[in-house]
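These notes concern the structure reproduced below.
The values are calculated or read from the model by the stated rules, or taken from the named source; none is laboratory data. Since this is a predicted model, take the numbers as computed values, not measurements. So basically every Cβ, Gly included, is an ideal-geometry build from the backbone, and we count neighbours across all protein chains shown. Quick note on the areas: whole protein, heavy atoms, side chains included, nothing else; ligands and nucleic acids left out. Shrake-Rupley method; radii C 1.70, N 1.55, O 1.52, S 1.80 Å.
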Amino acid sequence: MTGNGIGAGTGATWTDRLRVLGTMEHRPGQEVYHEEVARVLATRGRIALEGPTGTGKTLGYLVAAIDALRAGRVQRVVLSTAGKSLQDQLVMKDIPNACRIAGDISWSVLKGRSNYLCQARADEALTSQTISKRDRADIQRLVDWGGSDISIYPGGCSRSVTAAVCGSSKECDIQRCRKTSCAHAAARCHALAANLVVVNHHLLAHHARSLVSSTSEDAGILGDFDAIIVDEAHALTNTTRSVFGFELTEHRFMHLALRVDRLIGDVALAGGIRRAWNTIVRWARDVGERDGGRRMLKPPPHDGTTSWKTALIEAQTALETCNLPGAHAAAKECWDLLNSSMSVSCLRDPSNYVYWAEREGPGRPWHFECRYLDAANALRPLWADRSVVLTSATLATAGDLQSDGRMDLDFSWFLGDCGLDLADAVVVESPFDFARQSRWFVPDIPEPNDALWRDRAMDALVRIVQEAQGRALVLLTSTAVMDLAAKTLRNCLGQDGVLVQGDRPTGELVEDFRDHPGRPLVGTMSLWTGIDVPGEAASVVVIDRIPFSPPDEPVHAALSDLAQASGGSAFRDVALPRAILTTRQGVGRLIRSRTDRGVWVLLDPRVRTKNYGRDILMALPACARLDQVEDISSFLWKNGRREP
């Protein structure tokens, strides 16, 4: 139990209710969040809420949800966030605090099946000679730990251990499992009974897919609910496109062949599946060499042989007559691989799906990727007949210029991408004074399409990092530029003087960067969101260029064609809104508290010279521009000391 709290109907003010937590400060934006979400839940409304860093949005919407549940205005709320670490933060910190304020409810967390220990697989792994001795010892320690959610196992699990002991939708067969209990089934049962269930976007998208899939055994995996809150909502549509698509990889075929061999003991059937992969990978190689990783506009070249199809059909038929645990799931995987391979072979439904071939690196086999394009259509069933709250620090793009020189932020692009029609849209005011706390700077260098840009940009980067005394977060748009920036900075600062994404786990790098200011952190897109570094370590945020998607990136290219086909503009309707949101996310790493002081830098003069540059600048927090690189240190430090 977490306390009875102070109910919403007691007449207590928001400040009164916060006193339960003792040290919590009053944040006006947090109260706005509480009021807006409470209104939406009471009226079965829909709203997009943008709450900048420091707003306190999580506690605001959680208390509103608990108030509504305790008052009976809603019966069950699904809360989705971007990833497992954010789920853990919600259930370990935020929900208990919200319950202390508003009172107790039943709540639960649910993750994907592959996050839970499968006792049957663990038992098999402990006696398997194909599992290394070291992994078997780690598995025994995991079993002895006694938990079921391995994503919170202290110290974490290696990939090989996770693959050995966790279930998956492609392998688990609950009806025929010889274990009387299943950790994932128990977690799902608990979640279905809870008033508030915390999920991630990947699982939410799978729920949406299950609602329209005639073959899904997990139809409606989250059960019935009459309200949904989506935090980090800017990330939902990309996740949905991935979940509604598929990939054809070596791992899927080889793993299926091993399962067929284990379940049926038919070497010929298993060999047929391996040969089927040989056919698919040959197609992928030919397409990859033909298209260079770009979107497929015509089917892969093949000779019309159907032996790959026959192998999968025969394996599926044999598995359907097998009564061993896992056989039913393996038969379904045969069908999925057959259906996906046939889609690739004829480029099925190219107006709704985009296909391409890629590989993870030189010498690695090519494989096929497929994404569903119409995320709006996929998500609309989620919004039907329930209260909907979509929130994030960055949802809006630039809108209309007002008479006072300010530009309204516009939610229409985001709402259209999500398929959420007729929703309210509110931007909550930031608690930070950006005009006082921040500045921006663009060096006098060529545009990125100029041959001189790389050398001049790297020279500028070195000077900027020196002015920042190493207290810089360097956000780059490609791995190639990251490698160049890391090499350039290390030539000046030493090998150990620069933290580079990929050298160590990202969490360790961010912690080191935060706790020991003075070494720049260099990384690509995964550092643009989700990291919180208040204080001096990120006094400067450097972005190499306006983050437009490469024009030949498959999903971007397909969405651009769709926009043009419907009479729109590929640039204004696809490229620019995405670039604005990504830029806002990157710049958002700068000011994380009321005492922070910082400068964001863009090594791309187009933000000043192109018409669309104004749209980008007007969507960012208003602050003054610095004229010279020396002004960075002058703004950050005075007489060698950081200004308050």
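Worth a mention:
- Taking region 22-45 as the range and being more than 17 Å from ILE105 (Cα to Cα), modelled with pLDDT of 85 or more and not charged (D, E, K, R) as the test, the residues that pass are PRO28, GLY29, GLN30, VAL32, TYR33, HIS34, VAL37, VAL40, ALA42, THR43, GLY45.
- Among the residues of region 516-534, the one identified as touching a helix residue (DSSP H, G or I) at 6+ places or on another chain (Cβ under 7 Å) and loosely packed, with under 15 Cβ neighbours inside 10 Å is SER526.
Listed here are the residues, each with its yes/no results for (1) over 21 Å from LEU204 (Cβ atoms); (2) touching a residue at least 60 places away in the same chain (Cβ under 8 Å).
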| site | (1), (2) |
| --- | --- |
| LEU59 | yes, no |
| VAL74 | no, yes |
| ALA98 | no, no |
| LEU126 | yes, no |
| ARG134 | yes, no |
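- Top-ranked residue in region 415-446 [being within 30 Å of the chain's Cα centre (by Cα) and among the charged types (D, E, K, R); ranked as most open to solvent (accessible area, probe 1.4 Å)]: GLU429
- Pair list, Cβ under 8 Å, 6 or more apart: region 464-475 residue closer than 14 Å to ARG439 by Cβ, other residue open to solvent by 10 Å² or more (accessible area, probe 1.4 Å) and hydroxyl-bearing (Ser, Thr, Tyr): GLU467/SER633; ALA468/SER633
- Residues being crowded, with 19+ Cβ neighbours inside 10 Å and in contact with a Phe, Trp or Tyr (Cβ under 7 Å, 6 or more places away or on another chain) - total across region 585-610: 8
- Sub-8 Å Cβ pairs linking a first residue in region 481-492 that is more than 18 Å from ASP604 (Cα to Cα) to a second residue that is open to solvent by 80 Å² or more (accessible area, probe 1.4 Å) and not charged (D, E, K, R), at least 6 apart or interchain, are CYS492/GLN466, ordered by first then second residue.
- Leading residue by the ranking (farthest from VAL427 (Cα to Cα)) among those in region 600-612 that are free of Cβ contacts under 8 Å to residues at least 60 places away in the same chain and in a helix (DSSP H, G or I): ASN611
- From the list VAL354, VAL389, the lone residue that is in contact with a Lys or Arg (Cβ under 6 Å, 6 or more places away or on another chain), of a type in the set (A, V, I, L, M), in a strand (DSSP E or B) and open to solvent by less than 30 Å² (accessible area, probe 1.4 Å) is VAL354.
- Test: residue in region 456-463 that is at pLDDT 95 or above, buried (at least 22 other Cβ atoms within 10 Å of the Cβ) and assigned to a helix (DSSP H, G or I): yes
- Among the conditions (1) of a type in the set (A, V, I, L, M); (2) open to solvent by 30 Å² or more (accessible area, probe 1.4 Å); (3) within 24 Å of PRO550 (Cα to Cα), ALA486 misses just one, which is (2).
- Residue match in region 285-294 (condition: of a type in the set (Asp, Glu), over 29 Å from LEU204 (Cβ atoms) and open to solvent by 40 Å² or more (accessible area, probe 1.4 Å)): yes
- Candidates in region 11-57 are the residues that are basic (Lys, Arg), under 24 Å from ARG592 (Cα atoms) and touching a residue at least 60 places away in the same chain (Cβ under 8 Å); of these, the one that is surrounded by the fewest Cβ atoms within 10 Å (Cβ to Cβ) is ARG27.
- In summary, helices (runs of 4 or more DSSP H) completely within region 67-163 and bearing 3 or more residues that are open to solvent by less than 30 Å² (accessible area, probe 1.4 Å) and within 23 Å of ALA193 (Cα to Cα) occur at 95-102.
- Odd one out for TRP453 among (1) open to solvent by less than 10 Å² (accessible area, probe 1.4 Å); (2) closer than 28 Å to ASP532 by Cα; (3) touching a Pro at 6+ places or on another chain (Cβ under 9 Å); (4) at pLDDT 95 or above: (2)
- Yes/no for ILE273 being outside any loop (DSSP other than H, G, I, E, B), touching a strand residue (DSSP E or B) at 6+ places or on another chain (Cβ under 6 Å) and of a type in the set (A, V, I, L, M, F, W, C): no
- PRO550 satisfies every condition listed in (1) assigned to a loop (DSSP other than H, G, I, E, B); (2) within 27 Å of the chain's Cα centre (by Cα); (3) touching a residue at least 40 places away in the same chain (Cβ under 8 Å) except (3).
- Residue check, PHE513 in contact with an Asp or Glu (Cβ under 9 Å, 6 or more places away or on another chain), open to solvent by less than 30 Å² (accessible area, probe 1.4 Å) and of a type in the set (A, V, I, L, M, F, W, C): no
- For region 67-126, a residue qualifies if it is charged (D, E, K, R) and either in contact with a strand residue (DSSP E or B) (Cβ under 6 Å, 6 or more places away or on another chain) or within 26 Å of LEU142 (Cα to Cα) (or both), and the qualifying residues are LYS84, ASP88, LYS93, LYS111, ARG113, ARG121, ASP123, GLU124.
- Matching entry among LEU297, LEU312, LEU324 (being open to solvent by less than 60 Å² (accessible area, probe 1.4 Å) and not hydroxyl-bearing (Ser, Thr, Tyr)): LEU312
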